[in-house]
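Every read-out reported here was derived from the displayed coordinates using simple, explicitly stated rules and does not represent laboratory data. Computed from a predicted model, the values in this text were never measured in an experiment. Cβ atoms come from the backbone with ideal geometry, glycine included; neighbour counts cover every protein chain shown.
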Amino acid sequence: MYTHNVEDEMQPMVSDMEEETGINADFLNLSSEEGFSRAESEFPDVGAEVHWGQLHSLALLAQEEDMLGSYQSPEWEDVPDEFKDPDGQWYGWSYWYNELAVNTDIVDELGLDTPSSWEDLIDPQYEGEIVMPDPSVSGTGFLFVSTIIQMLGEEEAWEYFEQLDENVGQYVESADVPGQLAAQGEYAVGITWDQAVTEFVEEGYPIEGVVPDEGVGYDLDVIFIYDGYEDDENVQEIIDYVGSEAGMESAAEHRSMVTKPDIEGTAGDEEPNIIDYDALWAAENRQDIQDEWDSRFNS
């Protein structure tokens, strides 16, 4: 299997799957972009049968390129239609959103305001005190950028990013690193994702999670079969397991929200302010957005 999930999260979920099904599985951790690019270059002989943990938007791109096999799993029948493909080419098992990791000690020490909105982040008081994932290589970074574009429109959004760049002290490759660097006190604010913030709060770091007032985009974390492997019984059983009550309860130990009704993730019954995020638009415009980002900030 390929996955963009970190090992500390993926290993216990795979172990639970192996215990429940008796199927042994190896996984390779790759960033969202690395995983997609690797599978695309390998196709039709992809080195993984299953991709358990990938962005919905990239699954849609893989679907457009006819890289996915179809399997209708009975275990997913009660999952709402918006979280799965009608032809069984991808299944969304959890969803996540951008969140700010704010180091309360650093904010107090530097006399900064605690940001409460995306707009706040372009205030000059945060110069050099923000760390964020590079959207050219990070799915979390891309979710942030595409969310701002969908909220503001392209022209205003790129003006926003130019101002934000003045305050960003570092762009990093991994989605979890901004939360880690903020937790360690290297930056006051990290642009990251919800679960990364939760982990550092639980570990006792002086971190506060902030969902910006304007709202956040979200992305499904999906599982799918690569074309050619859809008739493999073990592969089908893995898809069944991830959609089962046991699979969703295992995932709920590591994710804020899972898609099976009546199973609560780590966020409990809290509902973040989620915008009407268009994942298909994000997928179709992904390359253009990343190219524009590279030309402005990575050249």
Label-point separation, Glu7 to Asp45 (7 Å along Cα→Cβ), nm: 2.8
query: Between Asn298 and Asp262, what FRET efficiency follows from the Cβ-Cβ distance if R0 is 45 Å, with the result rounded to 0.05?
result: 0.55
query: In a Debye calculation with equal point scatterers on the alpha-carbon sites of the chain and no solvent, what is log10 I(q)/I(0) at q = 0.12, 0.13, 0.14, 0.15 Å⁻¹?
result: -0.76, -0.89, -1.02, -1.16
message: Using the Cα centre of the range 160-299 as origin and beta-carbon charges of +1 (Lys, Arg) and -1 (Asp, Glu), tell me which of Ile225, Ala267, Ser174 is placed farthest towards the positive end of the dipole.
response: Ser174
task: Please list, in chain and number order, the residues 5+ apart from Lys84 or on another chain whose amide H is under 5 Å from its amide H, with Hs placed from the backbone.
output: Gly92
Length released on extending from Gln72 to Glu253, taking residue separation times 0.36 nm less the Cα-Cα span: 62.6 nm
statement: Per the rule of 0.36 nm per residue minus the C-alpha distance, extending Glu233 to Glu166 adds in nm 18.8 nm
field: FRET efficiency estimate (nearest 0.05) - Cβ-Cβ, Glu245 to Ser116, R0 35 angstrom
entry: 0.40
message: Looking at the chain only, what percent of DSSP beta bridges run antiparallel? Nearest 5 please.
response: 70
- prompt: Taking only C-alpha pairs under 8 Å that are 6+ residues apart, what is the relative contact order of the range 127-235 in percent?
  reply: 30
- prompt: When you count, for each residue, the other Cβ atoms within 10 Å and take the mean per peptide, how do 133-141, 66-74 rank with the highest first?
  reply: 133-141, 66-74
query: When only C-alpha pairs under 8 Å and at least 6 residues apart count, what is the relative contact order of the chain, in percent?
result: 28
message: Per residue of the range 49-58, what does 6.51 cos²θ - 1.76 cosθ + 1.60 with θ = phi - 60° give for ³J(HN,Hα)? Whole Hz please, x for Gly and Pro, Karplus curve as stated.
response: 7, 10, 10, 9, x, 7, 5, 4, 4, 6
message: Could you give each residue of the range 199-213 its phi-based ³J(HN,Hα) in whole Hz, using Karplus coefficients 6.51, -1.76, 1.60 with θ = phi - 60°, and x for Gly or Pro?
response: 4, 6, 4, 5, 7, x, 6, x, 10, 10, x, 10, 8, x, 4
task: Kindly provide the Kirkwood hydrodynamic radius of the range 14-93 in Å, to one decimal, from all pairs of distinct alpha carbon atoms.
output: 13.9
- request: Work out from phi, with θ = phi - 60° and the Karplus expression 6.51 cos²θ - 1.76 cosθ + 1.60, the ³J(HN,Hα) of each residue of the range 161-167, listed in order in whole Hz, and give x for Gly and Pro.
  value: 5, 4, 5, 4, 4, 5, 9
message: With a cut-off of 8 Å between alpha carbons and a minimum separation of six or more residues, what is the relative contact order of the range 235-299 in percent?
response: 16
query: For the pair Asp26 and Val210, how long in nm is the line joining their label points, each one 7 Å along Cα→Cβ?
result: 4.5
- request: Would you mind ranking Ile263, Ile191 by Cβ crowding within 10 Å, fewest neighbours first?
  value: Ile263, Ile191
message: Quick check: pseudo-label points 7 Å beyond the Cα along Cα→Cβ at Glu65 and Arg38, how many nm apart are they?
response: 1.4
- request: Kindly rank 85-91, 273-279, 222-228 from highest to lowest mean number of other beta carbons found within 10 Å of each residue.
  value: 222-228, 85-91, 273-279
